[in-house]
Structures are given as structure tokens and as C-alpha cells.
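Notes follow once the structure below has been shown.
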Amino acid sequence: FHLADGAHVRERLLSLSDRDHSFSYNFETPAFPVTNYVARIRLLPVTATGQTFAEWEATFDEAPEDAGKYVDIISNGVFQGGWNALKQALPGRTSPPGASRWAGFPPNKVWCSTVIPGPVEAVWNVIRDFAGMGGWHDAITKMHMIDGVSSDKVSGTRDFFFDDGHLHEKLLHLDDAERSFSYCITQSPLPWLHYVSGPRLWPVTDGNATFGAWTGDWVASPLDDLTLIPLAKNEVYLKAFRTVAERFSPKG
């Protein structure tokens with residue numbers, strides 16, 4: 001294709017996945033004097049609203065004298081310009097026949113997401129406190145770390161009540177760069193085994209908001225899952241995101 005200034009650009013498709021709604025590509029004929037350029041577009045559903053979170057990212061090398069120059073041009077001129085044009089083209093379009101709501105990646109039994117109206121670092125500062133959920137989720141009480149260990153200590157366990165149930169959950173990983181953590185249940189009155197769950201946050205650069213996804217997986221009988229899946233999705237994960245979002249929503 002050609003750019004508005006007449007420059008001829010060729011891009012090669014590297015991967016295309018209908019499973020996770022993504023593709024990647026690189027330059028055959030570069031649009032800019034950068035090297036090792038690889039870009040990826042990925043779409044993720046916002047289950048709380050039925051909207052779409054769209055991510056466009058790239059890695060490349062710049063010459064020392066150009067440090068930072070093409071980061072701004074590609075981020076704001078190319079990627080944001082592309083999203084703005086796509087938003088203009090979408091009104092009035094409907095889902096193709098037979099399309100179904102995306103349910104997440106196996107092996108997750110639950111994959112849910114939302115957008116929080118606050119900057120990602122501020123939202124992460126609230127969520128990363130593994131012992132802090134009792135302070136903002138109204139069904140959780142008496143939450144504390146066993147033996148007084150730090151709430152960001154991997155292998156540390158939090159003790160709490162969810163309604164009348166007494167649970168222990170162990171922190172499995174905490175990643176500040178990715179803004180994610182995961183944990184497993186080691187004690188619970190509910191009929192599930194090998195429960196592993198956790199959230200991840202992404203910045204929404206168009207509006208300085210936060211896209212959050214929360215996944216959960218476990219082993220249980222099909223009959224029990226009829227109760228456990230909506231419980232985890234609506235009363236734990238989405239409710240956690242919703243109550244955090246209230247901290248950043250404008251007060252009416």
C-alpha cells in the first residue's frame with residue numbers, strides 16, 4: 001500500500017489466529033527507518049459491557065540518533081490513527097451469522113473482563129495488595145496474611161471469610177511488569193479442586209483507563225459447576241473489578 005505522502009510500504013503477515021482474534025506482521029518494505037519491526041493486533045472482549053478491547057503493539061530498533069522519534073510516530077500517528085479510523089467504520093455493523101460470544105482460552109472455566117475508568121498504575125496499586133481485597137469487596141471479611149508475611153510474598157497465604165465460608169489462598173506469582181498475579185485455593189468449603197485464578201491489567205491508552213481480565217480454572221462435577229461458574233464470574237471476579245472501578249468513577 002501507499003502512505004499519504006506517496007511512500008510505498010509492504011508488510012508480511014506472520015501469524016493469524018481466529019482462536020484468539022490476533023495477527024502479527026513485519027515490514028518487507030519499511031515505512032520508517034527502523035529495523036527488526038514486528039507488530040501484533042489482538043482483540044479481547046469486554047464481557048461486562050459487550051464492547052471490545054483492542055491492543056496494537058510493536059517492537060523495533062531505532063538508530064541512536066533517532067531514539068524515541070519513531071516510538072511516538074508509530075504509537076500516535078499509526079496505531080492511534082488506525083483505531084480512530086476503525087471506530088468511524090464500525091457503527092451499524094452487526095455480528096456475522098452464527099457468531100457466539102468468545103468464552104476465553106482453555107483451560108480457563110471462567111474468563112471475564114471490564115474497563116475501569118482509572119489509570120492502570122493506580123488500579124494496579126489497589127489490586128496488587130493480595131491481602132487488601134477485604135477492604136473493598138463487601139462479601140470478604142477478616143482478610144489477613146498468615147504469619148504476618150508481606151502481601152506481595154510469593155508462597156504467602158491469605159486467610160479470610162467469603163460470606164460464611166472460611167478460605168485460604170496462596171499467592172503463586174506476582175508480576176509488576178505485566179500487572180498480574182495468580183493464586184490457588186488451599187482451603188475452601190466449596191466443592192472444587194485445583195482452583196487457580198488471577199487478574200491481569202492492561203493500559204487503555206485512548207482515554208487513560210484500564211482493561212482488566214480475570215480468569216479462573218478448577219476441577220468440579222458438572223452439576224456443581226452450574227453454581228460455581230456464575231458464582232466465580234459474577235460474585236468474585238466481576239464484582240471485584242466493579243468495586244475497584246467505583247473508586248475511580250466520577251462522583252455524581
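The values are calculated or read from the model by the stated rules, or taken from the named source; none is laboratory data. These numbers come from a predicted model, not from an experiment. Every residue, glycine as well, gets a Cβ built from its backbone with ideal geometry; the counts of neighbours run over all protein chains shown. In case anyone asks, the SASA skips ligands and DNA or RNA and just uses the protein heavy atoms, side chains included. Shrake-Rupley method; radii C 1.70, N 1.55, O 1.52, S 1.80 Å.
Please go through the stretch 1-108 and write out the trypsin sites (Lys or Arg not before Pro) that DSSP classes as loop and that have at most 16 other C-beta atoms within 10 Å.
Filter output for the stretch 1-108: Arg19, Arg93, Arg101.
Read phi for every residue in the stretch 63-76 and hand back ³J(HN,Hα) as whole Hz from Karplus 6.51 cos²θ - 1.76 cosθ + 1.60, θ = phi - 60°, with x for Gly and Pro.
Once θ is set to phi - 60°, the couplings for the stretch 63-76 become 5, x, 6, 9, 3, x, 5, 7, 4, 5, 5, 6, 5, 8 Hz.
Which angle between 0 and 90 degrees, to the nearest 10, do you get for helix 238-248 versus the longest principal axis of the chain when only C-alpha atoms count?
70 degrees
Using a 1.4 Å probe on the protein heavy atoms only, what accessible surface does Val236 show? Give it in Å² to the nearest 10.
30 Å²
Thr49 versus Ser95, label points 7 Å from Cα toward the beta carbon: distance in nm?
It works out to 1.8 nm between the two label points.
Kindly write out, for the stretch 160-169 in residue order, the coupling ³J(HN,Hα) from the Karplus curve 6.51 cos²θ - 1.76 cosθ + 1.60 (θ = phi - 60°), rounded to whole Hz, with x marking Gly and Pro.
Result, ordered by residue: 6, 10, 10, 6, 9, x, 9, 10, 10, 9 Hz.
List the longest stretch of the chain that has no exposed loop site; here a site is one of the chymotrypsin sites (Phe, Trp or Tyr not before Pro) assigned by DSSP to anything other than H, G, I, E or B, with at most 16 other Cβ within 10 Å.
Result for the longest clean stretch: 137-252.
Compute the FRET efficiency between Asp224 and Ala63 as 1/(1 + (r/R0)^6), taking r as their Cβ-Cβ distance and R0 = 51 Å, and round to the nearest 0.05.
So the FRET efficiency works out to roughly 0.30.
Using the alpha-carbon atoms, what tilt in degrees (0 to 90, nearest 10) does helix 80-89 show relative to the longest principal axis of the chain?
Tilt relative to the chain: about 80 degrees.
Given H placed on each backbone N at 1.01 Å, which residues far from Ala131 in sequence or on other chains put an amide H within less than 5 Å of it?
For Ala131, no residues qualify.
Where only protein heavy atoms count, and the probe is 1.4 Å, what is the accessible area per residue for the stretch 1-66 in Å²?
Ligands and nucleic acids excluded, the figure is 63 Å² per residue.
Helix-only mean residue ellipticity at 222 nm, the chain, DSSP H runs n ≥ 4 weighted -39,500 (n - 2.57), per residue, nearest 500. What is it?
Calculated from helices alone, the mean residue ellipticity at 222 nm is -4500 deg cm²/dmol.
With the crude spin-label approximation of a point 7 Å out along Cα→Cβ, what separation in nm comes out for Gln88 versus Lys153?
A separation of 5.6 nm, rounded to one decimal place.
Set the Förster distance to 25 Å, then compute FRET efficiency between Ser188 and Ser249 from the Cβ-Cβ distance, nearest 0.05.
Calculated value: 0.20.
Can you compute 3J(HN,Hα) from phi for each residue in the stretch 126-141, using the Karplus curve 6.51 cos²θ - 1.76 cosθ + 1.60 with θ = phi - 60°, rounded to whole Hz and x for Gly and Pro?
Computed from phi, the couplings for the stretch 126-141 are 6, 6, 5, 6, 5, 9, x, 4, x, x, 9, 10, 6, 8, 10, 9 Hz.
Rounded to the nearest percent, how much of the accessible area of the chain (1.4 Å probe, protein heavy atoms only) is carbon and sulfur?
54 percent
Which lysines does Lys239 reach when only Cα atoms under 30 Å apart count, and residues fewer than 8 places away in its own chain are ignored?
Reachable lysines: Lys87, Lys109, Lys142, Lys153, Lys170, Lys251.
Before I look further, what does the stretch 131-181 give for accessible area per residue, probe 1.4 Å, in whole square angstrom?
With the other protein chains kept in place, the stretch 131-181 gives 50 Å² per residue.
What share of Cα pairs, in percent, lie more than 35 angstrom apart in the chain?
When every Cα pair of the chain is considered, 27 percent fall beyond 35 Å.
Which value, in Å², gives the accessible area per residue of the stretch 201-252 when a 1.4 Å probe is used on the protein heavy atoms?
Heavy-atom accessible area per residue stands at 51 Å².
Given H placed 1.01 Å from N in the peptide plane, which residues other than close sequence neighbours of Tyr195 have an amide H under 5 Å from its amide H?
Amide H neighbours of Tyr195, under 5 Å, 5+ apart: Ile185, Val219.
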